[in-house]
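The values are calculated or read from the model by the stated rules, or taken from the named source; none is laboratory data. This one's a predicted model, so the numbers in the text were calculated from it and none came from an experiment. Cβ placement follows ideal geometry from the backbone for every residue including glycine, while neighbour counts extend to all protein chains displayed. Heads up: the accessible areas ignore ligands, DNA and RNA and are worked out on the full protein's heavy atoms, side chains in. Shrake-Rupley method; radii C 1.70, N 1.55, O 1.52, S 1.80 Å.
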Amino acid sequence: MTRKCMLLLTLLGLLAYLPAPAQRQQQLFNADWKFHRGDAPGAEQPQADDRTWRAVQLPHDWSIEGPFSEEWASATGYLPGGVGWYRKAFALPAGYRGKQVSIYFDGVYKNSEAWLNGHFLGKRPSGFASFQYELTPYLSAAGPNVLAVKVDHSEVADSRWYTGSGIYRNVYLLATAPVHVQQWGVGFTTPQVSASAATGQVAVALTNASATAAAVTVTSTLLDAKGQAVATAQKVLTVKPKANGTASLRLPIKNPALWSADQPNLYRLRVRLAVQGQAVDEVTEEVGVRTIRFDANQGFFLNGQPTKLRGVCIHDDAGALGVAVPPEVWERRLKALKAVGCNSLRMSHNPHADYLYRLCDRLGFLVMDEAFDEWERGKNKWVAGWNVGTPSQNGSHEYFKEWGDRDLRDMVLRNRNRPSIIMWSIGNEIDYPNDPYTHEVLNTGRNPQIYGKGYLPNHPPASEMGPLAKRLVAVVKQADASRPVTAALAGVVMSNFTDYPTALDLVGYNYQEFRYPEDHKQYPQRIIYGSENGMAPAAWAAVDSNAYVSAQYLWTGIDYLGEAGKWPQRANGAGLLDLAGFPKPEYYFRQSLWTSAPLLYLAAAEAPAVGAPAGRRPRGTATWNWPVASQVRVVAYTTNEATELLLNGQSLGKKAGRLPAWDVPYAAGELRARGYRNNQLVSETVLKTAGPPAALQIKPDRNSLSAKAQGLAQIEVQVVDQAGKPVPDDATEITVTLTGPARLLGIESGDLASHETYAAPRHRAHRGRLLVYVQATGAGPIGVALGAPGLAGQAVALRAE
Ligand code: GAL
């Protein structure tokens, strides 16, 4: 070996012993956990034996592994809960030595308790809160460390919808220097915004964990989309030993690129700390510059522009994946929602996964973040079916007194820099009449949602809600005064007699469009909007035709697990998209209301028999396979001026309007529609009668996956006939075989009553379709083969790199 080489090696060796760079380190901490379903007393001790435990990868939801059973609760999707334990042994990464080390959980359902090397770190009852524990005092720099987390979801009927169980969101390991920015310690607001200039206000909360005072230089820089610094500011402050400090900086921004739903322009805000010229910490946040304003008479303004909020409510789960959902799934779903004309989301009824807000910032959704579905008193959780039998009263109210304020404050701090968020909701339907609050007016007043008959004097009085609401609003304002506080009210008839609505900046009405004109007159200062609404065109007309009503939030954007009618139903079908993210006819109907580009969609249903009772008009399906000699009602969902319908080449007439309908005597073949604007043909669509199933067609959303980031492919599967036409009602069982570095995360058909296990590599199609989730586990070629008895199979080649 040459002397030069030896010198280099010695230098490298020395470098290994030098203190690690002072900057913050952060890594996803999802790999190589061990899991035990059931209790495991003593498993918090590092030496406990976990050799027989299952290896799992986070995020992980054990409830979705099933099995579905009537033994459990309709509210939570007839899936089990119970107790589970997680353990992870790890060596402290080199760059983390000698630093303040913490662990961050984005969400654990629920009642989690955590230990490091046998030392208790803390507990968090809420299954939706994000939280962090400091590990430093208990860490071993030399030896292995063992993290243990106990999760207790034994109260399985504890929510009105499916929540899953386990460490179902990301976990991060974090290391900082003794002088560092606190968790959620950067706040960014824009107190002044115009087209030519804006002011960014940056608040930095920092900690000096060292034993000596520190003179800290805080530098804050705003970077545009190209990475160019557009504004910068600096402050120096002295922070005492073992103490906290705050710095406030102003960033003048020239010609700001405003954030909006149509043009979601983002900046990166970089905050650097330095002590004696040495960089010690750096935090970067995605931020936006925009203004929001709600007005009691004129509705909502984004950057000064009147804007109607075409919103949908969503829950966390994604069918087969439970609540452990990779970001690609939400990206696909959000893009479908964008295309339907949706520009706003309501995070019903709890904070969601961190990346979902990032996607909203990037894709341009205006967001209502919501904290609770109940406060200190519980609501009914249906067990034997919706409104059937005796409900359970378990739920988050059990720990609200101790944790409510903290959970709410943390929701706000966690997300306060997101330009997408335009309002904070402190609760959904806390005032659901008689569930539990009551009032004498329920004997006479009109309300669409009511449990029980009239006033129930043995229930808690509605007057309890006002003082609580005031306290919660104050908690929010203390953490973020830049956005309005709202709540979604179910029993406005009763809440109008309390201080609840007056405690709020914006009063959300659930399913009470009929009340808008009356209440607008009676409470002229009140800002009224629809926080939850049905799919009827009239509910949208109430927004569209009233300047003072800014929003509607449809229940729901996507079908969700739980809140099931009654076994065998185990999921709720209220969505525009089904559990697999496939658009339902309702989706196109909505598109005809919410968008204006040429749209033409045909929905067909057997026409109701003459004299049949008028029920909810069926939306129909986009199929042309009907019983011989039947009468079929065909409706076009369109944004065009006129539509012509043709059956096997014969015109059935041209009709005007957005919902033209024809009653058609069924004949197999081809049903075609032509859409016209200004007498010009602008769209065309066709339904074809399909023959028996013959083959599978598969469509992956991508062929190339990230190996490092465990990329996900979502593969759409369609059963087709000999000629390649989609077979509408096929339920063939399809088997998936994988080769290469990949795992099958789940298969979803969208069938709300299927009890097939999601863990199996096979699933029955529903309406001829399936969605297959394949996740990369390493680099290399991945083969996905699909087969079904009697059908020509298909294979697709993916690549993880
Ligand atoms: C609403 C409630 C939602 C959901 C929905 C079902 O009253 O806010 O969470 O339960 O009803 O239709």
Item checked: Solvent-accessible area of L413 with every protein chain in place, 1.4 Å probe, in Å² to the nearest 10 -> 40 Å²
Next item on the list: Tabulate in residue order the Karplus-calculated ³J(HN,Hα) for region 263-271, using 6.51 cos²θ - 1.76 cosθ + 1.60 with θ = phi - 60°, rounded to whole Hz; enter x for Gly and Pro.
Entry: 10, x, 6, 10, 10, 10, 9, 10, 10
Notebook entry, point to check: On the accessible surface of the chain, probed at 1.4 Å, how many percent belong to carbon and sulfur atoms?
Noted result: 53 percent
Notebook entry, point to check: Once region 163-231 is represented by equal point scatterers at the alpha-carbon sites, with solvent omitted, what log10 I(q)/I(0) does the Debye formula produce at q = 0.14 Å⁻¹?
Noted result: -0.72
Next item on the list: Rounding to the nearest 20 debye, state how big the charge dipole of region 269-416 is about its Cα centre with +1 on each Lys and Arg Cβ and -1 on each Asp and Glu Cβ.
Entry: 620 debye
Item checked: Å² of accessible area per residue within the chain, as computed with a 1.4 Å probe and no ligands counted -> 40 Å²
Checklist line | Base-10 log of normalised Debye intensity for region 679-738 (one unit scatterer per alpha-carbon) at q = 0.30 Å⁻¹ | finding: -1.24
Check: Straight-line reach from K123: which lysines have Cα under 21 Å away, leaving out those fewer than 8 places along the same chain?
Finding: K34, K88, K110, K150, K401
Note to self: Residue by residue through region 279-288, what is 3J(HN,Hα) from phi via Karplus (6.51 cos²θ - 1.76 cosθ + 1.60, θ = phi - 60°)? Round to whole Hz and write x for glycine and proline.
What the structure shows: 5, 10, 7, 8, 10, 10, 10, 8, 9, x
Notebook entry, point to check: Roughly speaking, what is the centre-to-centre gap between region 545-561 and region 207-247 when only Cα atoms are used, to the nearest Å?
Noted result: 42 Å
Item checked: Cα-based Rg / Dmax (Å) for region 328-412 -> 16.3, 45
Margin query: Taking the Cα centroid of region 471-494 and of region 574-606, what is the distance between the two, rounded to the nearest whole Å?
Written below: 33 Å
Next item on the list: Determine which aspartates and glutamates satisfy two conditions relative to K708: a Cα distance under 16 Å, and not lying fewer than 8 residues away in the same chain.
Entry: D32, E328, E801
Notebook entry, point to check: Kirkwood hydrodynamic radius for the chain: how many Å is it when counted over pairs of different Cα atoms?
Noted result: 28.8 Å
Notebook entry, point to check: With all protein chains present and a 1.4 Å probe, how do E328, E402, E376 order by accessible area, largest first?
Noted result: E402, E376, E328
Next item on the list: Counting residues in region 524-604 as N, plug N into 2.2 N^0.38 Å and put the Cα Rg over that result.
Entry: 1.29
Margin query: Not counting ligands, DNA or RNA, and with a 1.4 Å probe, what is D729's accessible surface area in Å² rounded to the nearest 10?
Written below: 120 Å²
Checklist line | Positive-end residue of Y86, V156, A384, charge dipole of the chain with Cβ unit charges | finding: Y86
Notebook entry, point to check: Under unit Cβ charges (Lys, Arg +1; Asp, Glu -1), what dipole magnitude, rounded to 20 debye, does the chain have relative to its Cα centre?
Noted result: 2200 debye
Checklist line | Cut-off 15 Å between beta-carbons: net charge of the residues surrounding E801, Lys and Arg +1, Asp and Glu -1 | finding: +3
Next item on the list: With a cut-off of 18 Å, note down the residues of region 499-519 whose backbone N falls inside the zone around a label point 7 Å from the Cα of S545 toward its beta carbon.
Entry: 512-519
Notebook entry, point to check: Among E398, E513, what's the order by accessible area (1.4 angstrom probe), most exposed first?
Noted result: E398, E513
Notebook entry, point to check: Which lysines, on any chain, are close to K654 with Cα under 26 Å apart, when same-chain ones fewer than 8 places away are left out?
Noted result: K584, K688
Next item on the list: Give the span of region 596-688's Cα atoms along each principal axis, as three whole-Å numbers ordered largest to smallest.
Entry: 38, 28, 18
Item checked: Radius, Kirkwood style, for region 667-785 when every pair of distinct Cα atoms is counted (Å) -> 16.3 Å
Next item on the list: Show the residues, 5+ positions off or on another chain, whose built amide H is closer than 5 Å to the amide H of S112.
Entry: R124, D152
Next item on the list: Choose one of S704, I450, T757: the residue whose Cα lies farthest towards the positive end of the charge dipole of the chain (beta-carbon charges +1 Lys, Arg; -1 Asp, Glu; about the Cα centre).
Entry: S704
Item checked: Per-residue ³J(HN,Hα) for region 451-462, Karplus 6.51 cos²θ - 1.76 cosθ + 1.60, θ = phi - 60°, Hz, x for Gly and Pro -> 10, x, 10, x, 5, 10, x, 7, 9, x, x, 4
Next item on the list: Enumerate the amide H contacts of D499 below 5 Å, restricted to partners 5 or more residues apart or on another chain; note that Pro and chain-start residues carry no placed amide H.
Entry: G466
Next item on the list: Within the chain, what's the longest run with no trypsin sites (Lys or Arg not before Pro) in a DSSP loop and at most 14 other beta-carbon atoms within 10 Å? Give the range, please.
Entry: 243-445
Notebook entry, point to check: If you stretched the chain out fully between A213 and A279, how much longer would it get, using 0.36 nm times the residue separation minus the C-alpha to C-alpha distance?
Noted result: 22.1 nm
Note to self: Give me the three principal axis extents of region 308-554 from the C-alpha atoms, as integers in angstrom, largest value leading.
What the structure shows: 49, 41, 39
Check: How big is the gap, in Å, between the Cα center of region 61-100 and the Cα center of region 668-744?
Finding: 34 Å
Notebook entry, point to check: What does region 367-511 give for Rg and for Dmax, in Å, if only its C-alpha atoms count?
Noted result: 15.3, 45
Next item on the list: Quick one, can you get me the convex hull of the C-alpha atoms of region 179-287 expressed as volume per residue in Å³?
Entry: 89 Å³
Check: Between R658 and A759, what is the label-to-label distance in nm when each label sits 7 Å out along the Cα-to-Cβ direction?
Finding: 4.8 nm
